[in-house]
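Only one structure is covered here, and it is reproduced in the block below.
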Amino acid sequence: METIQAERYAEQLSAELNEIQRKGLYRQLRRMDSASSRTVTVEGKPLLMFASNNYLGLSDDPRMIEASVIALRTFGTGSSGSRLTTGNFILHEQLEKQIAGFKNQQAAIVFNTGYMANLAALTALAGESDIIFSDEWNHASIIDGCRLSRAQTVVYRHADMADLQSKLANSSRYRRRLIVTDGVFSMDGDIAPLPEIVRLAEQFDAWVMVDDAHATGVLGERGSGTADYFGLSKQVMIQMGTLSKSIAAEGGYIAGSAELIDLLRNRARPFIYSTALPPAVIAAASCALRIIESEPERRVHLCRLATRVRSGLEELGCRVMKGNTPIIPVLIGDAETAVRMAGELEREGVFAPAIRPPTVPSGSSRIRLTVMASHTDADVDCLLHAFAAAGRRVGLL
Ligand code: PMP
């Protein structure tokens, strides 16, 4: 009896998997055998990494590793409890103070992932009597946070301020209006029109929340993100970011007023009901923030390399999406060709997987290249050479 039931489950699940496969959307994990900040060994083959979010190349910085090791020796491997019970180490509090200073805000709170930070903020701040305005290209964790919050969610066309304005104009019956946007859009690499968003927020008495997962450490005079880039640190009330990309550790944060952070500590379920991040991770994140603030030359180098990659690809005839961040998407079109292009790039020694639906809209599959501060000009030469050869073989160039 049990076996027949198990067989039926397996059949049902296989049918769902076959459907995913039929649409060309089946995803397979790739195994990394080792990794440095600019190279990776994938299933035994050494490749140049051109797709990581480790924008500042800090993941193998000896200072980061040393800081983690010291924390491991001092505090052990796990935090063993939630922050509100037994897991609140001095390291967590120091990191939160550092983040608040870095973001020019009164306070900050750390969550276990960026994903959880978005869920936490949106569910704690918005409920059934509220309305959230969300850019159509916002990250999945924002979409999920909106759903979980039970607030009315209105999706506005990507970076379309006329659309946002007309939607805001119809929202007077709600208790709270919240506009939420990625600062840098993860799959497109463009920057949100924050000055216009802030202007509309002032006009319609709305709050602004920015997800700076891809802007932290990259944008702005101090590298502190999109609000810093536009000189709007005081106007963006809810500033979210991750510790997992430029900061090369793990976790997410919200920075803002002392009251906002206190409310999140008291109401955000991902904070209350999850074990705190382990000490080694927190120590690495603290170390990364110190490096970001003291070594602006990393951002300058990163920006120069990104410009080189963009213009080099355009000269080759690639369809490069416009932008001025280290995320450089090259549009391919259909998912199958994008996968073939990624395979050919790999044959040429470059790791840059294809990005397909549902992560991006159908027909806009792409190779999402990212540059890191640890890359050299010689690495960029290799990338451009690989793109030319792979593109010719796939019939794109
Ligand atoms: N927001 C954006 C824009 C992201 O790109 C990501 C991660 N890809 C997240 C949030 C989630 O962050 P994390 O990976 O730290 O959970």
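Laboratory data are not the source of any read-out in this text; all were calculated from the coordinates shown. Quick caveat, the model's predicted, so the values are computed rather than measured. Quick reminder, even Gly has a Cβ in these numbers, built from the backbone with ideal geometry, and neighbours come from all protein chains shown.
Things to note:
- Against the numbered list (1) touching a helix residue (DSSP H, G or I) at 6+ places or on another chain (Cβ under 8 Å); (2) away from the ligand (no atom under 16 Å from the Cβ), Ser129 comes up short only at (1).
- Residue check for Leu56: within 16 Å of the ligand (Cβ to nearest atom), crowded, with 20+ Cβ neighbours inside 10 Å and either among the aromatic types (Phe, Trp, Tyr) or in a loop (DSSP other than H, G, I, E, B) (or both): yes
- Out of Ala159, Ala51, sole residue that is assigned to a loop (DSSP other than H, G, I, E, B), touching a residue at least 12 places away in the same chain (Cβ under 8 Å) and either within 20 Å of Val218 (Cα to Cα) or away from the ligand (no atom under 16 Å from the Cβ) (or both): Ala51
- Top-ranked residue in the range 183-212 [being closer than 26 Å to Val320 by Cα, assigned to a loop (DSSP other than H, G, I, E, B) and out of contact with any Ser or Thr (no Cβ under 6 Å at 6 or more places or on another chain); ranked as farthest from the ligand (Cβ to nearest atom)]: Pro193
- Every test in (1) within 12 Å of the ligand (Cβ to nearest atom); (2) surrounded by 21 or more Cβ atoms within 10 Å (Cβ to Cβ) is passed by Ala151 save one, and that test is (1).
- Residue list for the range 245-288, restricted to those being within 16 Å of the ligand (Cβ to nearest atom), surrounded by 18 or more Cβ atoms within 10 Å (Cβ to Cβ) and among the polar types (S, T, N, Q): Ser246
- Sub-7 Å Cβ pairs linking a first residue in the range 333-359 that is at negative phi and in a helix (DSSP H, G or I) to a second residue that is among the hydroxyl-bearing types (Ser, Thr, Tyr) and crowded, with 17+ Cβ neighbours inside 10 Å, at least 6 apart or interchain, are Ala335/Ser365; Ala338/Ser365, ordered by first then second residue.
- Those residues of the range 193-207 which are under 27 Å from Thr370 (Cβ atoms) and surrounded by fewer than 24 Cβ atoms within 10 Å (Cβ to Cβ), in sequence order: Pro193, Leu194, Pro195, Glu196
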